[in-house]
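Everything on this sheet refers to the single structure shown next.
Taken together, the values in this text are just the output of simple stated rules run on the coordinates, not laboratory data. Here the structure is a predicted model, which is why all the values come from computation and not from measurement. Virtual Cβ from ideal backbone geometry, glycine too; neighbours counted across all protein chains shown.
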Amino acid sequence: MFELVDATKRYGPLVALAPLSLTITAGERLALMGPSGSGKTTLLHLLAGVIQPDEGRVAIAGRSTETLRPGRDLARLVGVMAQGFDLVPSLAVVHNVLAGRLGEWGIGRSLLSLVFPRELPLAQAALNRVGVGTKLYERTARLSGGEQQRVALARLLVQQPRAILADEPVSSVDPARAEDLLTLLVEVAAEDGRTLIASMHAVPLALRYFSRVIALRHGHLVFDRATTAVTEADLTALYDLRQEEARDVR
Ligand SMILES: Nc1ncnc2c1ncn2[C@@H]1O[C@H](COP(=O)(O)OP(=O)(O)O)[C@@H](O)[C@H]1O
Ligand SMILES: [Mg+2]
């Protein structure tokens, strides 16, 4: 589904991502871990085709991200759940959800859906699936953080990409709701065999909900393993914690 070959990203003198090569198979459930500033968002943006590497290459489903047109091509392949959700707060929920069709419809028809949402059943079904079916006409700004996250997921359901990339999807909700949201995210991805890649701040949640972990530190790969093979020593090295603390976060 994704292939990076010596992909590098720099911001001026800062190496946000040192040359990285990896392959991610369709249907994988992968967590990106590492301290703040380690390059997780940069890697997600490269995988999403939102930014291009300075060196090396990134391919999605066998096609270089440089040749994928934003909008239609890219929207069918990857759906992004940005940190802070990227919803338009002043709009009703239904319009934010139908924005997921932007890639298919183009701007004209999508704007039309703002005036007259003809695809209401599509939006309603997606909102039902993520448990906020009663919020169709609610102003998005009035929803809680967790509800807005669900609306962002409903928008992805409507978009139907082959992979979901989520940037710290549960960092703004309380621990109990974080579990609910991750369960939902994993279920929704699994239903259609979608690849799921999420940057995760909370180590225990990353280990519980994902099957593979890619860990970064200062833009360098620290380890890339099956979750079941991640050790306390791995986590200690990653976060520079003392042993006892590593045991606690696990
Ligand atoms: N647009 C940008 N311009 C300059 N520096 C950036 C930009 N985006 C990210 N960085 C820097 O790149 C490094 C990696 O950032 P990021 O990928 O956001 O890390 P993470 O998501 O793990 O916190 C950080 O040092 C950050 O300050
Ligand atoms: Mg980040």
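Remarks
- Folded to 0 to 90 degrees: helix 145-159 orientation relative to the chain principal axis, Cα: 80 degrees
- Rough spin-label spacing in nm, given labels placed 7 Å along Cα→Cβ, for GLN52 and ALA190: 3.9 nm
- Using only side-chain charges placed at the Cβ, +1 for Lys and Arg and -1 for Asp and Glu, the dipole size of the chain relative to its Cα centre rounds to 700 debye.
- Choice from ILE51, ILE164, ILE197 showing the highest fluctuation, given a GNM over the chain with Cα pairs closer than 10 Å: ILE51
- Each residue of region 218-225 is assigned a 3J(HN,Hα), and the resulting list reads 6, x, 10, 6, 8, 7, 9, 9 Hz, derived from the Karplus form 6.51 cos²θ - 1.76 cosθ + 1.60 (θ = phi - 60°), x at Gly and Pro.
- Unit charges at the beta carbon, dipole of the chain: most positive-side option, VAL173, VAL130, GLY37: VAL130
- Cα shape, region 16-66, gyration tensor, a/c 1.5 rule: oblate
- Over all other residues within a Cβ to Cβ distance under 13 Å of GLY56, the charged ones net out to -2, with Lys and Arg as +1 and Asp and Glu as -1.
- Placing unit charges on the Cβ atoms only, positive for Lys and Arg and negative for Asp and Glu, gives region 135-250 a dipole magnitude near 340 debye about its Cα centre.
- The rule of thumb for compact globular proteins, 2.2 N^0.38 Å, goes into the C-alpha radius of gyration of the chain 1.02 times.
- Think of the chain as having a plus end and a minus end, set by charges on the Cβ of Lys, Arg, Asp and Glu; of ALA206, ALA92, GLN149, ALA92 sits farthest toward the positive end of this dipole.
- From helices alone, the chain scores -11500 deg cm²/dmol at 222 nm; the rule is -39500 (n - 2.57) for each run of n ≥ 4 DSSP H residues, then divide by the residue total.
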